[in-house]
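Asker: Following this message is one structure expressed as structure tokens.
The values are calculated or read from the model by the stated rules, or taken from the named source; none is laboratory data. Because the structure is predicted, anything quoted here is derived from the model rather than measured. With ideal geometry, Cβ positions are generated from the backbone for all residues, glycine too; neighbour counts draw on all protein chains shown.
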Amino acid sequence: MNVLATADLGLMLQLVPVQRAGFALLLAAVGLPIVGVVIVGLDIMPVRFAMMHVALLGVAVGLLTGLDPMLCALVACALAGAGVAPLARTPDGLSGAMGLLMSMAIAAALLVLSVSGVNASGAFALLWGSILSVGGADLVVVGVLAVVVPALFWWRRRDLALLLYDRELAQCSGVRVGPLTVVLLVLVAVAVAGAIKLTGALLVDALTLLPALAARRLGKRLTTIALWAVAIGVAVNVTGFLIALWLDWPPGPVLVLTAGAVVLAVHLIPERSITSCPPPAPAAASSSSR
Amino acid sequence: MRGVTCGHGRVVAVDGVDLEVAAGERVALTGTNGSGKSTLLRTVLGLHRHTAGTVLVGGRGTASAADRAWRRRACAWVPQKPAVGRFPLLAGELLDSGGAPERAAEAARALGVGALRRRPLDTLSGGQLQRMYLARAIGCVAAGAGVLLADEPTAALDFAGQEEAAEALMALPVTVVVVTHDRALAERCDRVLDMAAGRLREVAR
């Protein structure tokens with residue numbers, strides 16, 4: 001049984017769509033987990049739901065106008081990301097804005113779809129993703145993200161570490177907090193939109209948030225957290241994809257479950273064996289309840 | 001500062017404050033909790049918006065981005081309640097952010113927290129964290145800041161620490177505005193101002 005299955009796997013890996021999907025996932029594992037680190041750091045978890053809805057609106061507009069739906073989704077997400085940036089002064093403000101954006105975007109999407117009379121199932125297919133139909137344009141998007149995100153992160157890592165620790169401290173340290181937040185939110189939005197094609201909007205977390213959540217527990221500073229996130233992302237994407245191929249299961253859910261298992265496993269490691277200097281009891285209690 | 005007014009929502013926290021601090025002068029701001037002292041300091045830093053009046057530091061306002069950047073370089077800050085962030089930041093990274101890493105590291109050693117550089121800030125005690133911020137501010141001064149704005153810089157420290165911190169603060173060759181409830185620290189200042197219900201008044205000495 002095992003021999004048969006691995007033979008199948010070898011055959012499948014020779015198929016171009018499979019190779020392309022695997023390559024896309026590898027590229028995604030370089031850029032997207034760092035975006036996840038930013039999402040966790042800025043405490044804007046709802047952003048991915050909001051962007052998912054905005055992407056749907058973009059697709060609806062694309063279907064209506066005849067433009068490339070994926071391109072429209074990217075542009076819509078980028079605009080939305082930049083649009084909510086002024087509300088980022090407080091994390092609460094941003095979360096609220098995300099909620100508003102989410103409801104308005106989905107309402108607008110449904111309206112556009114119904115007014116234009118296009119078949120809505122095309123738009124909703126986006127929610128499930130189709131990794132084996134990844135096209136050249138999608139590869140370019142994740143490829144660009146795989147270069148731009150780590151480069152930007154490395155270039156601005158000191159500013160980022162200060163911003164994610166405390167906005168006011170960053171401000172007083174000469175970090176240009178406003179522009180940096182806009183860039184981060186646009187990047188987050190575009191990355192989420194780009195990842196939608198790979199796993200589907202509902203499962204974007206596997207590529208972004210989940211590696212970051214596991215890494216948050218393993219790293220002691222921003223740079224080590226980001227490195228852990230990328231390492232976990234690569235490991236999860238490769239194993240998840242191979243398992244999915246091997247068992248002939250849909251890749252999206254398998255990727256999410258693999259990533260989720262890693263997060264759970266990491267949280268089962270006692271904190272004392274991770275940090276070389278164990279924090280005092282109150283700090284340990286608050287970090288585990290977070 | 002001339003006619004500075006600012007508030008939290010509709011509540012007026014600072015009400016028409018006029019204050020002129022000469023270069024090199026050391027001013028202590030005292031007053032009850034909630035009287036607007038911290039808000040006043042934060043306004044100078046540009047962390048809190050004022051609804052009326054003008055704030056000039058070194059004769060410069062904050063009209064342009066360049067002015068605001070200059071203000072942030074010119075003012076070293078010791079926050080009242082240092083935020084414990086969502087993400088870990090190493091103590092060393094905090095010290096380096098002041099612009100003069102070596103001087104800040106030296107100050108941290110002098111304040112007894114030099115060995116904690118590799119520790120994330122959220123694992124430090126309140127007093128250790130306050131010393132770190134103090135060391136960072138000393139680094140800011142070394143990097144060219146001419147004003148030190150300190151918000152209860154000795155509140156979390158033990159008695160010996162308060163003495164040390166006051167010594168370190170007063171030894172700096174800069175203009176100092178310090179919010180404090182620490183009488184010993186206030187007495188070392190050239191002027192003591194008392195704030196009540198958003199208004200400022202000079203305390204006769």
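Asker: Just to be sure, is B:Ala186 more than 14 Å from chain A (Cβ to nearest Cβ), under 30 Å from A:Ile225 (Cβ atoms) and either acidic (Asp, Glu) or crowded, with 18+ Cβ neighbours inside 10 Å (or both)?
Answerer: Criteria not met by B:Ala186.
Asker: Something else about it: Just to verify a result, which residue in region B:58-82, among those that are surrounded by fewer than 21 Cβ atoms within 10 Å (Cβ to Cβ) and aliphatic (A, V, I, L, M), is farthest from the other protein chains (Cβ to nearest Cβ)?
Answerer: Ranking the qualifying residues of region B:58-82, first place goes to B:Ala63.
Asker: Related question: Considering region A:159-174 alone, what residues qualify as being within 21 Å of A:Gly83 (Cα to Cα) and of a type in the set (A, V, I, L, M, F, W, C)?
Answerer: A:Leu160, A:Leu163, A:Leu164
Residue by residue, here is whether (1) within 14 Å of chain B (Cβ to nearest Cβ); (2) at pLDDT below 90 holds:
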{"residue": "A:Val186", "(1), (2)": "no, yes"}
{"residue": "A:Val190", "(1), (2)": "no, yes"}
{"residue": "A:Ala193", "(1), (2)": "no, yes"}
{"residue": "A:Thr199", "(1), (2)": "no, yes"}
{"residue": "A:Asp205", "(1), (2)": "no, yes"}
{"residue": "A:Thr208", "(1), (2)": "no, yes"}
{"residue": "A:Arg221", "(1), (2)": "yes, yes"}
{"residue": "A:Thr224", "(1), (2)": "yes, no"}
{"residue": "A:Trp228", "(1), (2)": "yes, no"}
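Asker: If you don't mind, another one. Filter region B:98-130 down to residues that are out of contact with any strand residue (DSSP E or B) (no Cβ under 9 Å at 6 or more places or on another chain) and either part of a helix (DSSP H, G or I) or more than 24 Å from B:Ala166 (Cβ to Cβ) (or both), then give me how many there are.
Answerer: Number satisfying all stated conditions: 19.
Asker: Answer with yes or no whether B:Arg73 is touching a residue at least 60 places away in the same chain (Cβ under 8 Å) and in a helix (DSSP H, G or I).
Answerer: It is true that B:Arg73 is touching a residue at least 60 places away in the same chain (Cβ under 8 Å) and in a helix (DSSP H, G or I).
Asker: Go through B:Val4, B:Val78, B:Val57 for me and flag whichever is hydrophobic (A, V, I, L, M, F, W, C) and closer than 20 Å to B:Glu152 by Cα.
Answerer: When all the criteria are applied, what remains is B:Val78.
Asker: For region B:3-28, what are the residues that are part of a loop (DSSP other than H, G, I, E, B) and at pLDDT 85 or above?
Answerer: Selection gives B:Asp18, B:Leu19, B:Glu20, B:Val21, B:Ala22, B:Ala23, B:Gly24, B:Glu25.
Asker: Could you list all residues from region B:176-205 that are part of a strand (DSSP E or B) and of a type in the set (Lys, Arg)?
Answerer: Across region B:176-205, the qualifying residues are B:Arg191, B:Arg199, B:Arg201.
Asker: What single numbered condition from (1) crowded, with 23+ Cβ neighbours inside 10 Å; (2) at pLDDT below 85; (3) within 18 Å of the chain's Cα centre (by Cα) fails to hold for A:Ala80?
Answerer: It fails just one condition, (2).
Asker: Which one is modelled with the lowest pLDDT among residues in region A:118-167 that are part of a loop (DSSP other than H, G, I, E, B) and within 14 Å of another protein chain (Cβ to nearest Cβ)? Steps first, answer last, please.
Answerer: Quick first cut of region A:118-167, residues part of a loop (DSSP other than H, G, I, E, B) only: A:118-119, A:129-130, A:134-135, A:156, A:166.
Add one more test, that the residue is within 14 Å of another protein chain (Cβ to nearest Cβ), and what stays is A:156, A:166.
Values: A:Arg156: 90, A:Asp166: 86.
Within region A:118-167, the match that is modelled with the lowest pLDDT is A:Asp166.
Asker: Restricting the search to region B:140-170, which residues are buried (at least 23 other Cβ atoms within 10 Å of the Cβ), in a helix (DSSP H, G or I) and without any contact (Cβ under 8 Å) to a residue 40 or more places away in the chain?
Answerer: B:Leu169
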